[in-house]
Amino acid sequence: MKFFLSIKTLLLFLLLIFPGSIKSDIQKSINFQHFSELSTDLDSLIKPIISNFHYPIGIAFLDLNSNEKYQFNEREIFPTASAIKIEILIHLMKEHERGNLNLYENIQVKDRTGGSGLLQYFDQSDLRLSFYNLALLMIQQSDNAATNILIDKLGMENINKTIQQLGLKSTKLQRKMMDFEARKLGKENISSPEDKLKLLEIIYKQQFLSDSLNNEVLKILSIPKSTPLLNDIYEELTLASKGGELDDVRCEMGIFFCKDFNYILVVMTKDLPQSKIGEDMIGKISKTVFDYIREKYSK
């Protein structure tokens, strides 16, 4: 341990006195050591928790203060369920930015898709809602009717083009919400923990949308909602998140804005006998990660 610290100290000294390219190489070395330390620590905490979880699970974590990562099965493909709605939200905002639609334009609403959400119960005889309000329903209520209206208006192919522009290699929107016939035919909305982490990092760093529209995305994602990411976490924080759930699928992902630290956590599960099993596991992992990061920044 003493040897590691002395090497680290030497690298920091060299960082101060050497120019350009050499400095870059030194910085990479320091970042690698940070990455290894956090990855090892979280691995030792998380592996015992998931050792008795006999279903596919993927995890991706990023400490936004230090850029340290921990990942497990991060490239495995998982059904997203409603978590694909983040990508739809991003595309909607991008279309407004491009001038292809007006977020605040009211459009005719006629869709009674079931599952989560309240729009299916509205009197739709002469109902008009703005794109923005449909987006609010899609994210906060996970409203499937609102989502399907947006998919129809925006176009599934166009949404997938934006997904490609975001650099999300494993993510595809292939069916509308509650389309179980399409699911039987193998058309599933899919992503990976790695992709979802990248997406949330892009949002956090404001790398795709204008500042004002990116702030709208964060505001919408931060509207309080029920999520196992906050199980047994009682500290005051802001969480910009979205989850997804089917009978055999449970996933959650979010950006944690805390007093002394910020981080991203993505947990995805599939092939479950019931979604509650995945929900409980997500809660345990999230609590473990939060406690570790809080302790790290309290020193």
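We did not get these values from a lab; they are worked out from the coordinates using the rules stated. Keep in mind that this is a model prediction, so the values were computed, not measured. Neighbour counts are summed over all protein chains in view; Cβ atoms, including those assigned to glycine, are modelled from backbone coordinates with ideal geometry.
The condition (being of a type in the set (Val, Ile, Thr) and touching a strand residue (DSSP E or B) at 6+ places or on another chain (Cβ under 7 Å)) is satisfied by just one residue among Ile59, Ile90: Ile59. Scanning segment 46-85 for residues that are part of a helix (DSSP H, G or I) and surrounded by 15 or more Cβ atoms within 10 Å (Cβ to Cβ) yields a count of 7. I'd like to know if segment 241-251 contains one or more residues that are within 23 Å of Glu295 (Cβ to Cβ), in contact with a strand residue (DSSP E or B) (Cβ under 9 Å, 6 or more places away or on another chain) and either surrounded by fewer than 20 Cβ atoms within 10 Å (Cβ to Cβ) or without any contact (Cβ under 8 Å) to a residue 40 or more places away in the chain (or both). There is at least one residue in segment 241-251 that is within 23 Å of Glu295 (Cβ to Cβ), in contact with a strand residue (DSSP E or B) (Cβ under 9 Å, 6 or more places away or on another chain) and either surrounded by fewer than 20 Cβ atoms within 10 Å (Cβ to Cβ) or without any contact (Cβ under 8 Å) to a residue 40 or more places away in the chain (or both).
Meeting the requirement of 2 or more residues that are polar (S, T, N, Q) and buried (at least 20 other Cβ atoms within 10 Å of the Cβ), the helices (runs of 4 or more DSSP H) wholly within segment 129-184 are 144-154. The set of residues from segment 73-102 being closer than 17 Å to Ser170 by Cβ and of a type in the set (Ser, Thr, Tyr) comprises just one member, Thr80.
Screening segment 199-222 for residues that are touching a strand residue (DSSP E or B) at 6+ places or on another chain (Cβ under 9 Å) and among the aliphatic types (A, V, I, L, M) and picking the one that is nearest to Gly244 (Cα to Cα) gives Leu221. Could you grab me the full set of residues in segment 108-128 that are part of a helix (DSSP H, G or I), surrounded by fewer than 19 Cβ atoms within 10 Å (Cβ to Cβ) and in contact with an Asp or Glu (Cβ under 9 Å, 6 or more places away or on another chain)? Across segment 108-128, the qualifying residue is only Gln120. Which ones in segment 271-284 are farther than 15 Å from Gly243 by Cα, buried (at least 17 other Cβ atoms within 10 Å of the Cβ) and of a type outside the set (D, E, K, R)? Once the filter is applied, which keeps residues that are farther than 15 Å from Gly243 by Cα, buried (at least 17 other Cβ atoms within 10 Å of the Cβ) and of a type outside the set (D, E, K, R), segment 271-284 yields only Leu272. When only residues in segment 217-232 that are over 14 Å from the mean Cα position of the chain (by Cα) and surrounded by fewer than 18 Cβ atoms within 10 Å (Cβ to Cβ) count, which is nearest to Ala60 (Cα to Cα)? Checked segment 217-232; the qualifying residue nearest to Ala60 (Cα to Cα) is Asn231.
When Glu97 is tested against (1) in a loop (DSSP other than H, G, I, E, B); (2) more than 17 Å from Lys176 (Cβ to Cβ); (3) in contact with a helix residue (DSSP H, G or I) (Cβ under 6 Å, 6 or more places away or on another chain), only condition (1) is not met.
Report, by residue number, each residue of segment 119-167 that is under 21 Å from Met268 (Cα atoms) and touching a Ser or Thr at 6+ places or on another chain (Cβ under 7 Å). Across segment 119-167, the qualifying residues are Met138, Gln141, Ser142, Asp143, Asn144, Ile163. When the strands (runs of 3 or more DSSP E) confined to segment 190-299 are screened for residues that are of a type in the set (Val, Ile, Thr) and over 22 Å from Leu45 (Cβ atoms), those reaching at least 1 such residues are found at 238-246, 249-257.
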